[in-house]
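Chemist: A single structure is presented below for examination.
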């Protein structure tokens with residue numbers, strides 16, 4: 001079953017007051033998806049496939065009809081054979097243009113193996129998501145858009161330019177996102193290339209540390225048990241997926257003494273379980289603590 005994807009007609013579009021009248025201005029879709037244009041402007045609009053310079057082909061593939069202010073209209077593109085992209089415009093305000101790209105079309109497939117990469121498939125709310133990637137060298141320095149979807153709903157667009165070596169690096173802050181399954185879609189180039197990846201975001205309330213861990217932590221912070229014994233506790237948290245470790249469990253090593261301060265704050269109730277887990281994840285993945 002296809003998705004229902006939205007494109008916003010932004011306020012001020014009819015007066016040519018915005019750089020891009022449609023949000024997003026390039027929309028990746030899959031076969032079977034329905035596109036709904038939501039008119040947030042104060043004027044009526046009418047969306048049709050085609051380009052203003054070739055009015056004889058206007059509406060050949062889809063046409064919404066008039067969309068009153070604060071209303072919406074939908075269309076589904078059924079004739080996809082032999083096509084990988086569709087331009088469209090507003091027949092009333094022809095400077096308003098957008099593009100739809102078929103994600104599954106051969107022409108839309110990236111030229112490199114890792115155009116978009118994230119470290120994990122599951123994150124906790126509050127964790128930053130580091131997005132990296134490498135596209136073909138021809139795309140160095142050109143612009144891209146990173147679309148963030150909560151299932152069918154577009155929640156953010158991050159715009160940037162590829163580095164000189166055609167790599168990218170972006171950070172997604174999850175503090176204001178709800179727990180859900182998200183899809184990232186990287187849109188770039190001409191012809192437009194589409195790359196995607198997905199992750200699950202879990203609410204921080206899901207961090208539940210067994211009570212005996214706090215007892216062990218208190219014993220370690222008071223020098224009652226050794227570093228090695230406390231590292232076994234951290235290894236347990238990693239094995240149970242309470243902390244998300246990117247490193248392999250190996251031979252125990254010493255822990256810097258200053259980390260005992262952080263542990264003491266947690267055992268004394270000065271920081272939450274989630275803050276303690278996030279701190280441990282950072283220390284482990286930065287190899288400050290080696291487990």
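Chemist: Springs between alpha-carbon atoms under 10 Å, Gaussian network over the chain: tell me which of 19, 121, 233 tops the mean-square fluctuations.
Modeler: For the chain, modelled as a Gaussian network with Cα springs under 10 Å, the answer is 19.
Chemist: So how much slack lies between residue 1 and residue 264, counting 0.36 nm per residue of separation and subtracting their Cα-Cα distance, in nm?
Modeler: Numbers: separation 263, 0.36 × 263 = 94.68 nm, distance 5.19 nm.
Going from the current span to full extension adds 89.5 nm.
Chemist: Relative to the present Cα-Cα distance, how much length would full extension add between residue 240 and residue 95 at 0.36 nm per residue of separation? Provide the component values of the computation, followed by the final result.
Modeler: Details: separation 145, 0.36 × 145 = 52.20 nm, distance 5.55 nm.
Once the chain is fully extended between residue 240 and residue 95, it gains 46.7 nm.
Chemist: Counting other C-beta atoms within 10 Å, which of 170, 107 has the fewest, and how do the rest follow?
Modeler: Values: 170 17, 107 13.
Least crowded to most crowded, the residues run 107, 170.
Chemist: Can you list the residues of segment 64-99 with backbone N under 18 Å from a point 7 Å past the Cα of residue 36, pointing along Cα to Cβ?
Modeler: Residues 64-77 qualify, since their backbone N sits under 18 Å from the label point.
Chemist: Can you give the angle from 0 to 90° between the axis of helix 227-239 and the longest principal axis of the chain, with both taken from C-alpha atoms, to the nearest 10?
Modeler: The helix 227-239 is inclined about 30 degrees to the chain.
Chemist: Based on the Cβ-Cβ distance of residue 118 and residue 85, what FRET efficiency does E = 1/(1 + (r/R0)^6) give at R0 = 30 Å, to the nearest 0.05?
Modeler: Numbers: r = 26 Å, r/R0 = 0.88.
That pair, residue 118 with residue 85, gives E of 0.70.
Chemist: Given a 10 angstrom Cα cut-off, can you work out which residue in 193, 124, 76 is the most mobile in a GNM of the chain?
Modeler: 76
Chemist: Still on this model: Round to the nearest 0.05 the FRET efficiency obtained for residue 151 and residue 208 when R0 = 30 Å and r is the Cβ-Cβ distance. Before the final figure, lay out each step's value.
Modeler: On the way: r = 26 Å, r/R0 = 0.88.
Step by step, r from the Cβ atoms, then E = 0.70.
Chemist: Just to be sure I understand: with springs between alpha-carbon atoms less than 10 Å apart, which residue in 95, 220, 258 has the highest mean-square fluctuation in the Gaussian network model of the chain?
Modeler: Comparing 95, 220, 258 in a Gaussian network model of the chain, the most mobile one is 258.
Chemist: Given contacts defined as C-alpha pairs under 8 Å and at least six residues apart, what's the relative contact order of segment 146-291, whole-number percent? Each step should come with its number before you reach the end.
Modeler: On the way: 163 pairs, mean separation 27.1, N = 146.
Result for segment 146-291 is 19 percent.
Chemist: Sticking with this one: Relative contact order (percent) for the chain, with alpha-carbon contacts under 8 angstrom and 6 or more residues of separation?
Modeler: Working: 583 pairs, mean separation 36.2, N = 291.
Once normalised by length, the contact order is 12 percent.
Chemist: Let me ask something else. With labels modelled as points extended 7 Å from the Cα through the Cβ direction, what inter-label distance (nm, one decimal) is found for residue 224 paired with residue 11?
Modeler: Label at residue 224, label at residue 11, 6.0 nm between them.
Chemist: How much FRET efficiency would the formula 1/(1 + (r/R0)^6) give for residue 20 and residue 68, where r is the Cβ-Cβ distance and R0 is 25 Å, rounded to 0.05?
Modeler: Details: r = 22 Å, r/R0 = 0.86.
Between residue 20 and residue 68 the formula returns 0.70.
Chemist: Hey, another quick one. Rank the residues 222, 264 as a footprinting-exposure proxy: fewest other Cβ atoms within 10 Å of their Cβ go first.
Modeler: Working: 222 12, 264 16.
Arranged by neighbour count, lowest to highest, 222, 264 become 222, 264.
Values in this text are rule-based calculations from the coordinates and carry no lab data. Worth saying up front: this structure is predicted, and the values here are computed from it rather than measured. Here the Cβ is made from the backbone with ideal geometry for all residues, glycine too, and neighbour counts use every protein chain on show.
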